[in-house]
Amino acid sequence: MPDVWIGFNAYDQQRYWWRNGIGTLALIGVVVAMSLTTYQPGKWWWVAGFGVFSVVVFVSTVNLIYGRALLTARGLEFRTFVSRRVIPWSEVASIERRQRVTRSGTWWDLQVVRVRGRSLAVPGTVTNRMMDAELGRKQVAVQEHWSRAVAD
């Protein structure tokens, strides 16, 4: 079976970039407003802390947007903006669709449940659409590769 990439399509990448841009601009606006209105020397920690938080949120979202998984005969290769990881098929117990409810909405993604260790989210599978056909196709592709690798 040929290797298959799983990740966001161009439309979803653009959509998440817009969200990231608007959120980053809002955080930068708060940092600038705080720095212009803070005159006491001890309050610069708040401005610096909020600035660092803004950078962490931006990098986290870029990591989310460009994260992909490569399905190979030997396992899953997770490739994100900040890391690389290989999960052999022999370590996979199941592939599940999981739901997370946060203040910003309800999110679904695919999780690799491992035989030992914690479950891992598959990069490039996060969505906030309840009945996302593309997430279903990604789940089917991962399960097909897993079942063929285990059967061999």
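The values are calculated or read from the model by the stated rules, or taken from the named source; none is laboratory data. Every value quoted in this text rests on a predicted model; they were computed, and no experiment measured them. We place every Cβ from the backbone using ideal geometry, glycine too, and count neighbours over all the protein chains shown. In case anyone asks, the SASA skips ligands and DNA or RNA and just uses the protein heavy atoms, side chains included. Shrake-Rupley method; radii C 1.70, N 1.55, O 1.52, S 1.80 Å.
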*What about residue 52, is it out of contact with any Lys or Arg (no Cβ under 7 Å at 6 or more places or on another chain) and without any contact (Cβ under 8 Å) to a residue 40 or more places away in the chain?*
yes
*Give just the number: which of (1) assigned to a helix (DSSP H, G or I); (2) touching a Phe, Trp or Tyr at 6+ places or on another chain (Cβ under 7 Å) does residue 70 not satisfy?*
(1)
_Failed criterion for residue 63 (all others in (1) under 30 Å from residue 141 (Cβ atoms); (2) more than 14 Å from the chain's Cα centre (by Cα) hold)_ = (2)
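Just for region 1-34: of the residues that are part of a loop (DSSP other than H, G, I, E, B) and closer than 23 Å to residue 105 by Cα, which one is farthest from the chain's Cα centre (by Cα)?
Taking region 1-34 as the starting set, the residues that turn out to be part of a loop (DSSP other than H, G, I, E, B) are 1-3, 7-9.
With closer than 23 Å to residue 105 by Cα added as a condition, the list becomes 7-9.
Numbers: 7: 10, 8: 10, 9: 14 Å.
Restricting to residues being part of a loop (DSSP other than H, G, I, E, B) and closer than 23 Å to residue 105 by Cα, the top hit is 9.
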*Assuming residue 86 fulfils every condition listed in (1) in contact with a strand residue (DSSP E or B) (Cβ under 9 Å, 6 or more places away or on another chain); (2) in a helix (DSSP H, G or I); (3) not small (Gly, Ala, Ser) apart from one, which condition is it?*
(2)
*Taking only pairs six or more apart or across chains, which ones have beta-carbon atoms under 7 Å, a first residue in region 62-74 that is in contact (Cβ under 8 Å) with a residue 24 or more places away in the chain and closer than 15 Å to residue 6 by Cβ, and a second residue that is assigned to a strand (DSSP E or B) and open to solvent by less than 10 Å² (accessible area, probe 1.4 Å)?*
68/6; 69/6; 69/76; 71/6
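Which of the residues spanning region 93-152 are among the basic types (Lys, Arg) and either open to solvent by less than 60 Å² (accessible area, probe 1.4 Å) or under 22 Å from residue 3 (Cβ atoms) (or both)? Can you show your working first?
Within region 93-152, the subset among the basic types (Lys, Arg) is 97-98, 100, 103, 114, 116, 118, 129, 137-138, 148.
Answer for region 93-152, where residues must be among the basic types (Lys, Arg) and either open to solvent by less than 60 Å² (accessible area, probe 1.4 Å) or under 22 Å from residue 3 (Cβ atoms) (or both): 114, 137, 138, 148.
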*Please specify each residue of region 21-47 satisfying the condition of being closer than 23 Å to residue 82 by Cβ and surrounded by fewer than 12 Cβ atoms within 10 Å (Cβ to Cβ).*
22, 25
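Criterion first (among the hydroxyl-bearing types (Ser, Thr, Tyr) and over 23 Å from residue 129 (Cα atoms)) does residue 35 satisfy it?
On the way: among the hydroxyl-bearing types (Ser, Thr, Tyr): yes; over 23 Å from residue 129 (Cα atoms): yes.
Yes: the conditions hold for residue 35.
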_Among (1) at pLDDT 85 or above; (2) outside any helix (DSSP H, G or I), there is one condition residue 56 misses while meeting the rest; what is its number?_
(2)
*region 76-92, subset β-branched (Val, Ile, Thr) and open to solvent by 60 Å² or more (accessible area, probe 1.4 Å), residue modelled with the lowest pLDDT*: 82
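Could you look through region 104-124, keep only residues that are among the small types (Gly, Ala, Ser) and farther than 16 Å from residue 8 by Cα, and pick out the one that is modelled with the highest pLDDT?
Applying the first criterion (among the small types (Gly, Ala, Ser)) to region 104-124 yields 104-105, 117, 119, 121, 124.
Of the ones still in play, those that are also farther than 16 Å from residue 8 by Cα are 104-105, 117, 119.
Values: 104: 77, 105: 83, 117: 88, 119: 92.
It comes out as 119.
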